[in-house]
Amino acid sequence: MDTRAEREILIAPSILSADFGRLGEEVREAESAGADLIHVDVMDGRFVPNITVGPLVVRALRPVTRLPIEVHLMIEEPERYIGAFVEAGAALVTVHVETCPHLHRTLEQIRECGAAPAVTLNPATPLISLEPVLEQVEQVLIMTVDPGFGGQKMIPMALDKVRSLRRWIKERGLNCRIEVDGGVNLDTLAQVLDAGADILVMGAAIFAADGGIQEAMGALRAEIQRLRPALAGPG
Ligand code: DX5
Ligand code: ZN
């Protein structure tokens, strides 16, 4: 019998809430505290109302950590920048369906560049919009806030899509992982895990935690362990 205990829950700290003056140190600290990957939020001031970083920052972080770097592109025309981010060191690139009129082609481009392709949905975008590409992606990112800023409150209705996707993955024997991003913290962890997430992106809950990165990661891991027995099996 499957149990969730057999399924690994990964933590992906989002550097959006890190201190950029000491970015390398903070990423190293997250790694030594047990992070599984590093999540880099790229915003263009057009698709989302904020501007963050480009390939330069991925290149700067690449020698700092052994963890895979995943790049979350919240930009229009992402196909123009995929190559640069992969070359800079991104192991996975996730694009929003809302920005990709030729989604199949864009995902192929990510794979051809040498990174794992993944796709992201805003809270109000229906799950069915990525149904045609499910076999093409290694990961689906379900946004649980409207993207643009760290530290926002979770929009719980988006978790219904996590539940439905978990069911599709099981029924179709798919391999892709489910990642959740936005408002994930100690208080919302139980509902996110119960819905069926594999990977938890967390910015404020890790980098803006009062007690520091180490303590925050420890508390999150402990809570994940505590919740495991109550959870349904994977896929
Ligand atoms: C939001 C970004 C997130 C953000 C999450 O647009 O995609 O990755 O950093 O931040 P928290 O965990 O603070 O909601
Ligand atoms: Zn993100």
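The values are calculated or read from the model by the stated rules, or taken from the named source; none is laboratory data. Computed from a predicted model, the values in this text were never measured in an experiment. Using ideal geometry, Cβ is built from the backbone for each residue, glycine included, and neighbour counts are taken over all protein chains shown.
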Take the stretch 198-227 and flag every residue that is small (G, A, S) and more than 13 Å from ligand 1 (Cβ to nearest atom). G211, G212, G218, A219, A222
Being assigned to a loop (DSSP other than H, G, I, E, B), charged (D, E, K, R) and away from ligand 2 (no atom under 16 Å from the Cβ), is that true of even one residue in the stretch 178-193? yes
Evaluate the stretch 169-177: report whether one residue or more is without any contact (Cβ under 8 Å) to a residue 60 or more places away in the chain, within 16 Å of ligand 1 (Cβ to nearest atom) and either closer than 24 Å to D210 by Cα or over 14 Å from the mean Cα position of the chain (by Cα) (or both). no
Specify which of the listed residues (R221, R228) is under 19 Å from V27 (Cβ atoms) and among the basic types (K, R). R221
Answer with yes or no whether G203 is closer than 19 Å to G34 by Cβ, at pLDDT 95 or above, small (G, A, S) and within 16 Å of ligand 2 (Cβ to nearest atom). yes
Checking the structure you have, find out if any residue of the stretch 62-75 is farther than 19 Å from Q139 by Cβ, within 16 Å of ligand 2 (Cβ to nearest atom) and either small (G, A, S) or surrounded by 18 or more Cβ atoms within 10 Å (Cβ to Cβ) (or both). no
What residue, of P49, P123, is within 16 Å of ligand 2 (Cβ to nearest atom), within 25 Å of A208 (Cα to Cα), surrounded by fewer than 16 Cβ atoms within 10 Å (Cβ to Cβ) and not hydroxyl-bearing (S, T, Y)? P49
Filter the stretch 22-65 down to residues that are at positive phi and more than 18 Å from the chain's Cα centre (by Cα), then give me how many there are. 1
E77 is checked against (1) touching a residue at least 60 places away in the same chain (Cβ under 8 Å); (2) at positive phi and fails just one. What number does that condition carry? (1)
Enumerate the pairs (first residue in the stretch 6-26 and farther than 19 Å from R59 by Cβ and part of a loop (DSSP other than H, G, I, E, B); second residue anywhere and within 14 Å of ligand 1 (Cβ to nearest atom) and modelled with pLDDT of 95 or more) with beta-carbon separation below 9 Å, excluding pairs fewer than 6 apart on the same chain, so at least 6 apart or on different chains. I9/A197; I9/I199; I9/L200; D19/E26; D19/F207
